[in-house]
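Let me begin by presenting the structure, written as structure tokens, before commenting on it.
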Amino acid sequence: MYAYDSFDQSLIAERVNQFREQVARRLAGEISEDEFKPLRLMNGLYLQLHAYMFRIAIPYGTLNSRQLRTLAHIARRYDRGYGHFTTRQNIQFNWIRLEDTPDILAELAGVEMHGIQTSGNCIRNVTADHFAGVAADEIEDPRIWCEIVRQWSTFHPEFSFLPRKFKIAITGAPHDRAAVKVNDIGLRMHKNAAGEVGFEVIVGGGQGRTPAIGVTIRDFLPKQHLLSYLEAILRTYNLLGRRDNLYKSRIKILVAAVGAAKFAEAVEEEWTRIKDGPLVLPLAEIKRIEAQFAPPQYAPADPFPPEVVAKRQASPAFARWMRSNVAAHRQPGYAIVTLSLKPDGGIPGDATAEQMDAIADLADSYSHGEIRVSHVQNLVLPDVRRADLPALWDRLTALGLATPNIGLIGDIIACPGLDYCSLANARSIPIAQRLSERFADPERQREIGELAIKISGCINACGHHHVGHIGILGVDKKGEEFYQIALGGNADENASIGDIIGPAFSADSVVDAVATIVDVYLDRRQEGERFLDAYRRLGQAPFKEKLYAAH
Amino acid sequence: MSRMVTANRLRDGAVVFLAAGGRWTRRVAEGHVAETEAHAAALLRAAEAVPTEVVGPYLIEVAAHGGSWVPLRYRERIRAKGPSVDTPVKQPAPGA
């Protein structure tokens, strides 16, 4: 993975010193909260319901074991012993003291981490496929391009005060695990007719108050022009995007208002002007970054180790885990292992300091010291020898990290909701916990098959409810928590926004409502038909009928 | 309408309530309750005058309950009591 050079290192060291002075001045009353707030937010420090919350960037969801141990240490020393992995592949600490924050940033800087680009109206931390570099279906590793975008966008003076925050996601595989169509810019790597690899450029996707699926404005962008094209998009948005209304300031509103064709025209015009300028990426620079993401030296490994075959036969629990939590690796004899942060009845995305330390050890023992964070709020060991899977499963089971539910109904995304977040209208976590308990039976989960429940505690949609197969949005109705259900959302290459099924459900009845939806699906599905496909075939009617018949 | 002033403490963000004598307390039961518009406005002004102690003071509605006070809105009840879910580690905040 990418290692900081002296420029990166001095940049964040300077930032730590700057913030240390700013915090001291705030505590001494030399600057007001109004003056301090934008400064703390630029370092990822929010003030939430109960305390300060520190959001730490994990660029494109890639961590090494040393970084994860530092996060464990921060959880233990400065927080309450746990952290929360987010849908932007970052981590949040919920119980931070302002006076500790400069020391925390200094500890992070020691392992090439920070909180920059996790807040504010700038280009946010770029996200990527969490299987990047190892997925069997991948065309090219998107992290090289994420890192190039990171370096270009960090403190970019022209784009530090955009109309609103700006999110970019990149995938290098045909199966989109990075939700690129619901980002401000989504980049999908693919090959053109000549066999060259480049980017499909998708703009104007997003969730929040006005969800939208991004539209393709350029089918093929040669790689060396990535930065100039991004700059042309950002410049067009920066000039034309609305600043008079917070709810209409994202690029998706601009693209919808002027039309995709006109927006593309404006971008192309600007790009034509700048494309052959200083932003053309020199091949040597691409190679320099590429070298940092070179695959590890894989020792030859048996693709069908007898110990795995034997364990599968002996242990139904291991067999279940293999089916749901282990994915195909591009290297024969290796596997990608997803560690579920969704234990039955647990809080999605939370990990204790002890778990983080243990995962760092497991990464060192089994995965070349590397860990990934998925936008689905799980962790991934990307480089596991298949022969090591039985031993790894034993260790993960002991740590509570082997729940066999990846991609199944128990693999719920939930934002922190009103238990932590000052923007939320309703709680998300207790609903996720009750659903997870209700569907805890692993055989039942397997029978239901692929089903993504996503829960947000407010319209900002951090819990991605718009693209949940079953999306749940918490709303406040006259001081009471209610939950609106939408069906048919999807975040992959066939992305769609869910349709609201009808009036919202009370906190007491929403779990039963989801169970009813699942029952209708099981009753009406055809052989091998996934929930999403069944919904697309059947439409809302049969679900609505059952849901509101007794309501 | 009974109201009191709440805010987050500057140094650690903890939820606090304005008590008698201009003191800030973690306990909603100890909050200074205003029953009139004028009194509530005066309490808020007093809170805003100490920007090095707290951040973002505002008024909340409270109701008498079991000899104490509880916020009316559930958002404020969660602020007053902490998360409604068990945190993964039962560990007090550093310096709490």
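The values are calculated or read from the model by the stated rules, or taken from the named source; none is laboratory data. Fair warning: this is a prediction, and the values are worked out from it, not measured in the lab. Ideal geometry is used to build each Cβ from the backbone, glycine not excepted, and the neighbour counts take in all protein chains shown.
Report, by residue number, each residue of region A:94-103 that is surrounded by fewer than 24 Cβ atoms within 10 Å (Cβ to Cβ) and outside any loop (DSSP other than H, G, I, E, B).
At the first step, the residues of region A:94-103 found to be surrounded by fewer than 24 Cβ atoms within 10 Å (Cβ to Cβ) are A:97-103.
Matches in region A:94-103: A:Leu98, A:Glu99, A:Asp100, A:Thr101, A:Pro102, A:Asp103.
Identify, by number, the condition in (1) outside the structural domain of A:Leu246 (by TED's automatic domain parsing); (2) without any contact (Cβ under 8 Å) to a residue 12 or more places away in the chain that A:Ala128 doesn't meet. Condition not satisfied by A:Ala128: (2).
Would you call A:Arg80 touching a residue at least 12 places away in the same chain (Cβ under 8 Å), away from chain B (no Cβ under 14 Å) and within 23 Å of B:Val55 (Cβ to Cβ)?
no
Exactly one residue out of A:Ala193, A:Ala169, A:Ala173 is small (Gly, Ala, Ser), in a loop (DSSP other than H, G, I, E, B), modelled with pLDDT of 95 or more and under 26 Å from A:Gln377 (Cα atoms), and it is A:Ala173. Consider A:Leu379 carefully, then state whether it is out of contact with any His (no Cβ under 7 Å at 6 or more places or on another chain) and under 13 Å from A:Leu341 (Cβ atoms). For A:Leu379, the condition - out of contact with any His (no Cβ under 7 Å at 6 or more places or on another chain) and under 13 Å from A:Leu341 (Cβ atoms) - is met.
Kindly indicate the residue of region A:104-115 that is under 14 Å from A:Leu71 (Cβ atoms) and assigned to a helix (DSSP H, G or I) and also nearest to the other protein chains (Cβ to nearest Cβ) among those meeting that condition.
Here is the first cut: in region A:104-115, the residues under 14 Å from A:Leu71 (Cβ atoms) are A:104-105, A:107-115.
Subset that is assigned to a helix (DSSP H, G or I): A:104-105, A:107-109.
On the way: A:Ile104: 11, A:Leu105: 16, A:Glu107: 14, A:Leu108: 17, A:Ala109: 21 Å.
Selected residue: A:Ile104.
Applying the set (1) surrounded by fewer than 23 Cβ atoms within 10 Å (Cβ to Cβ); (2) more than 22 Å from A:Leu339 (Cα to Cα) to A:Ala51 leaves exactly one unmet item: (1).
Restricting attention to region A:15-51, the residues that are on the phi > 0 side of the Ramachandran plot and in contact with a helix residue (DSSP H, G or I) (Cβ under 7 Å, 6 or more places away or on another chain) total 0.
The residue that is surrounded by the most Cβ atoms within 10 Å (Cβ to Cβ), counting only those in region A:29-48 that are closer than 20 Å to A:Ala106 by Cβ and facing chain B (nearest Cβ under 10 Å), is A:Leu45.
The rows are residues; the columns are (1) surrounded by fewer than 20 Cβ atoms within 10 Å (Cβ to Cβ); (2) farther than 25 Å from A:Ile412 by Cβ; (3) in contact (Cβ under 8 Å) with a residue 12 or more places away in the chain.
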position: A:Phe293; (1), (2), (3): yes, yes, yes
position: A:Val326; (1), (2), (3): no, no, yes
position: A:Ala335; (1), (2), (3): no, no, yes
position: A:Asp364; (1), (2), (3): yes, yes, yes
position: A:Val373; (1), (2), (3): no, no, yes
position: A:Asp388; (1), (2), (3): no, yes, yes
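Taking the residues in region B:45-74 that are assigned to a helix (DSSP H, G or I) and surrounded by fewer than 19 Cβ atoms within 10 Å (Cβ to Cβ) as candidates, determine which candidate is modelled with the lowest pLDDT. Can you show your working first?
Our first condition is that a residue be assigned to a helix (DSSP H, G or I); within region B:45-74, this holds for B:45-48, B:74.
Now drop any that are not surrounded by fewer than 19 Cβ atoms within 10 Å (Cβ to Cβ), which leaves B:45-46, B:48, B:74.
Values: B:Arg45: 96, B:Ala46: 94, B:Glu48: 94, B:Tyr74: 91.
Residue satisfying both the conditions and the ranking: B:Tyr74.
Among the residues of region A:51-68, is any free of Cβ contacts under 8 Å to residues at least 12 places away in the same chain and either assigned by TED's automatic domain parsing to the domain that holds A:Thr154 or charged (D, E, K, R) (or both)? The answer is no; no qualifying residue exists.
Take A:Gln297 and tell me if it is farther than 30 Å from A:Ala3 by Cβ, out of contact with any Lys or Arg (no Cβ under 9 Å at 6 or more places or on another chain) and not aromatic (Phe, Trp, Tyr).
On the way: farther than 30 Å from A:Ala3 by Cβ: no; out of contact with any Lys or Arg (no Cβ under 9 Å at 6 or more places or on another chain): yes; not aromatic (Phe, Trp, Tyr): yes.
When the stated conditions are applied, A:Gln297 does not pass them.
Can you pull out the residues in region B:16-28 that are surrounded by fewer than 20 Cβ atoms within 10 Å (Cβ to Cβ) and not small (Gly, Ala, Ser)?
Taking region B:16-28 as the starting set, the residues that turn out to be surrounded by fewer than 20 Cβ atoms within 10 Å (Cβ to Cβ) are B:19-23, B:25-27.
Across region B:16-28, the qualifying residues are B:Arg23, B:Thr25, B:Arg26, B:Arg27.
Taking A:Leu451 as the residue in question, decide whether it is more than 18 Å from the chain's Cα centre (by Cα) and hydrophobic (A, V, I, L, M, F, W, C). Here the answer is no, as A:Leu451 does not meet what is asked.
When restricted to residues that are of a type in the set (A, V, I, L, M) and free of Cβ contacts under 8 Å to residues at least 12 places away in the same chain, region A:183-207 contains 2. Here A:Glu158 fulfils each of the conditions (1) part of a helix (DSSP H, G or I); (2) farther than 21 Å from A:Pro222 by Cα; (3) under 19 Å from the mean Cα position of the chain (by Cα); (4) not hydroxyl-bearing (Ser, Thr, Tyr) apart from (3). Screening A:Tyr548, A:Tyr483 for residues that are of a type in the set (Ser, Thr, Tyr), assigned to a helix (DSSP H, G or I), touching a residue at least 12 places away in the same chain (Cβ under 8 Å) and more than 24 Å from A:Asn183 (Cα to Cα) leaves exactly one candidate, A:Tyr548. Take the conditions (1) surrounded by fewer than 24 Cβ atoms within 10 Å (Cβ to Cβ); (2) under 24 Å from the mean Cα position of the chain (by Cα); A:Arg77 misses just one of them, which is (2). Checked against (1) surrounded by fewer than 23 Cβ atoms within 10 Å (Cβ to Cβ); (2) part of a loop (DSSP other than H, G, I, E, B), A:Ala426 passes all but condition (1). Only one entry in A:Gly417, A:Gly479 is out of contact with any strand residue (DSSP E or B) (no Cβ under 6 Å at 6 or more places or on another chain) and either at pLDDT 95 or above or more than 14 Å from chain B (Cβ to nearest Cβ) (or both), namely A:Gly417. Tell me whether region B:3-21 contains one or more residues that are in contact with an Asp or Glu (Cβ under 9 Å, 6 or more places away or on another chain), outside any loop (DSSP other than H, G, I, E, B), within 11 Å of chain A (Cβ to nearest Cβ) and charged (D, E, K, R). Among the residues of region B:3-21, at least one is in contact with an Asp or Glu (Cβ under 9 Å, 6 or more places away or on another chain), outside any loop (DSSP other than H, G, I, E, B), within 11 Å of chain A (Cβ to nearest Cβ) and charged (D, E, K, R), which makes the answer yes. Of all the residues that make up region A:83-113, how many are of a type outside the set (A, V, I, L, M) and farther than 20 Å from B:Val55 by Cβ? So the count comes out to 12. Assessment of region A:464-471 against the conditions (part of a helix (DSSP H, G or I), among the β-branched types (Val, Ile, Thr) and more than 14 Å from every other protein chain (Cβ to nearest Cβ)) yields at least one matching residue. Would you check if B:Arg77 is within 14 Å of another protein chain (Cβ to nearest Cβ) and not in a strand (DSSP E or B)? Against the criterion (within 14 Å of another protein chain (Cβ to nearest Cβ) and not in a strand (DSSP E or B)), B:Arg77 qualifies.
The single condition among (1) basic (Lys, Arg); (2) away from every other protein chain (no Cβ under 11 Å); (3) assigned to a helix (DSSP H, G or I) that A:Lys454 does not satisfy is (3).
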